[in-house]
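Input: a single structure, listed below in structure tokens.
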Amino acid sequence: MSVNKSIYEKFIIESADQSRTADISSGVLAFTYFENIFSPFITARVIVTNTGGSIRGKDGVLQSIYNGLPLRGGERVIIKIAGNSRVNKGLDFSKNPENYFHVASITNVLIDEGSETFTLNLVSREAITNETVRVGKKFPTSQKISDSVEDIIKKYLQSEDKIGIIDETQNPYGFIGNMKKPFTIITWLASKSVSGKSDSNKEDSSAGFVFYETQDGFNFRSLDELMEQEPYKKEFTFSPGVIDTDDPKKDFKILQYGIDRNQDLISKLERGAYSSQRYYINPVSFVPNISVFNSNNYVEKLSNLGDQTISLPKIDDKSNKTLGDLPSRIFVGMLDVGTIEEDASDEGWNDSIKRNADPAKIHAQSMMRYNQLHTQVVDITIPMNTNLSAGDLIKCSFPQISSKKRKEPDRETSGLYMIKELAHYFDSKGSFTKLKVIRDTFGKKWLKIIYLKQIL
């Protein structure tokens, strides 16, 4: 596998008090950038070597960066990496101080007489801010969750300019911050959110949101809307071996891939992903709320990435019921009715919209979506592509295992995938992108359409 090198245009460390800077671009051995749809902030890691005499200490003597700056955590890192191909625009975290990385920790420090090597573990600024602020505000029951999320990002994380996409939620939700951290509250709200994309037909909307950061900012996205977005313009095709630099399709080749997971049935049964029974006590009326959730009732309403639904085996040979027809997990808890408004009436508490959307139903739907999203998990490596972000959809084509010389795409494995995790790797040998992609079903939608056109 061969890939083009990238050039470090800027790689500058600022001391915590911003009084001194050090250019480390010539000493960077490797840099890795990370995004994850289940992580509220981006991270990075840089391995640096230094021969000393790089910076003057407070006493005026030339010292190494580690002791001369000094590196103790909290320093700002300004990064700009040039693109190395027509599709790779590079990474730029140098234009706005809000986008600078911050040093969270320094590890693997190795010092000898002539040099030092260390690893800087970097985070976005908001990851540090999140540890220093608490949300104590009361959010009204009339306010949609998506509006509350936007308020928290703006007022508590102080990141109005870094708001990416916030999908509108259908359900209002009242709550008190209880002095919890912003990221804790937003992640908690994601599991309680119902997509507002189908306000005309609320029964078609489903629960399940994710909160994460990309190069474009903070995103609060509905799984339904993520699955319905337009995929990346080019299809990625598995092609092992050394890349031909003259090949116009080289940027869209899958260099390596491996199936990390393929339908973990036992794990999903343990989590109640297919069916669960729920016992909730209303803390206002003390009336128990007993319900059974069955995913079969929602399969046809949900957005998905494949064209094949998952068929569960029968319980036994004598029954027509499948493993999804009987609850595999029991939940017991207090019914979450949110904050109580002054004008709340007994009649209002029985209205799911006034009281908040049905908590039992939302909890069950969210759990189902999060678990089914990992039905197929594939790790792939492609040439560097910084246009991609976590949460994007990509088309992947994997060859069918057969004796034929002309390999047809595998109809089970190939298809649409969502990028769960993304890592851009830069080192002295080259650069490439690793992706962990996931989806909730099997099959390849657009391949099926092409095949039907050919036979008609």
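Among the conditions (1) surrounded by fewer than 20 Cβ atoms within 10 Å (Cβ to Cβ); (2) modelled with pLDDT under 95; (3) part of a strand (DSSP E or B), F34 misses just one, which is (2). Of the residues examined, D325 is not one that is in a loop (DSSP other than H, G, I, E, B), modelled with pLDDT under 75, surrounded by 12 or more Cβ atoms within 10 Å (Cβ to Cβ) and not aromatic (F, W, Y). For the range 124-145, the tally of residues that are surrounded by fewer than 21 Cβ atoms within 10 Å (Cβ to Cβ) and within 18 Å of D216 (Cα to Cα) stands at 2.
Among the conditions (1) surrounded by fewer than 16 Cβ atoms within 10 Å (Cβ to Cβ); (2) in contact with a Gly (Cβ under 9 Å, 6 or more places away or on another chain); (3) not hydroxyl-bearing (S, T, Y), P97 misses just one, which is (2).
Scanning the range 109-124 for residues that are touching a residue at least 60 places away in the same chain (Cβ under 8 Å) and in contact with a strand residue (DSSP E or B) (Cβ under 7 Å, 6 or more places away or on another chain) turns up S115, E116, T117, F118, T119, L120, N121, L122, V123, S124. Only one of the listed residues (S195, S159, S191, S222) is farther than 19 Å from L388 by Cβ, over 18 Å from the mean Cα position of the chain (by Cα) and of a type in the set (G, A, S). That residue is S159.
Quick one: in the range 423-456, which of the residues that are at pLDDT below 65 and surrounded by 13 or more Cβ atoms within 10 Å (Cβ to Cβ) is farthest from M384 (Cα to Cα)?
To start, the set of residues in the range 423-456 that are at pLDDT below 65 comprises 445-456.
Next, only the ones that are surrounded by 13 or more Cβ atoms within 10 Å (Cβ to Cβ) stay: 445-448, 451.
Working: K445: 27, W446: 26, L447: 26, K448: 30, Y451: 31 Å.
The selected residue is Y451.
For every residue, the table says whether it meets (1) part of a loop (DSSP other than H, G, I, E, B); (2) in contact with a strand residue (DSSP E or B) (Cβ under 9 Å, 6 or more places away or on another chain); (3) at pLDDT below 90; (4) under 19 Å from Q229 (Cα atoms).
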site	(1), (2), (3), (4)
R369	no, yes, yes, yes
H374	yes, yes, yes, yes
I380	no, yes, no, no
S389	yes, yes, no, yes
I394	no, yes, no, yes
S403	yes, no, yes, no
E421	no, yes, no, yes
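The values are calculated or read from the model by the stated rules, or taken from the named source; none is laboratory data. From a predicted model like this one, the values you see are computed outputs, not experimental measurements. With ideal geometry, Cβ positions are generated from the backbone for all residues, glycine too; neighbour counts draw on all protein chains shown.
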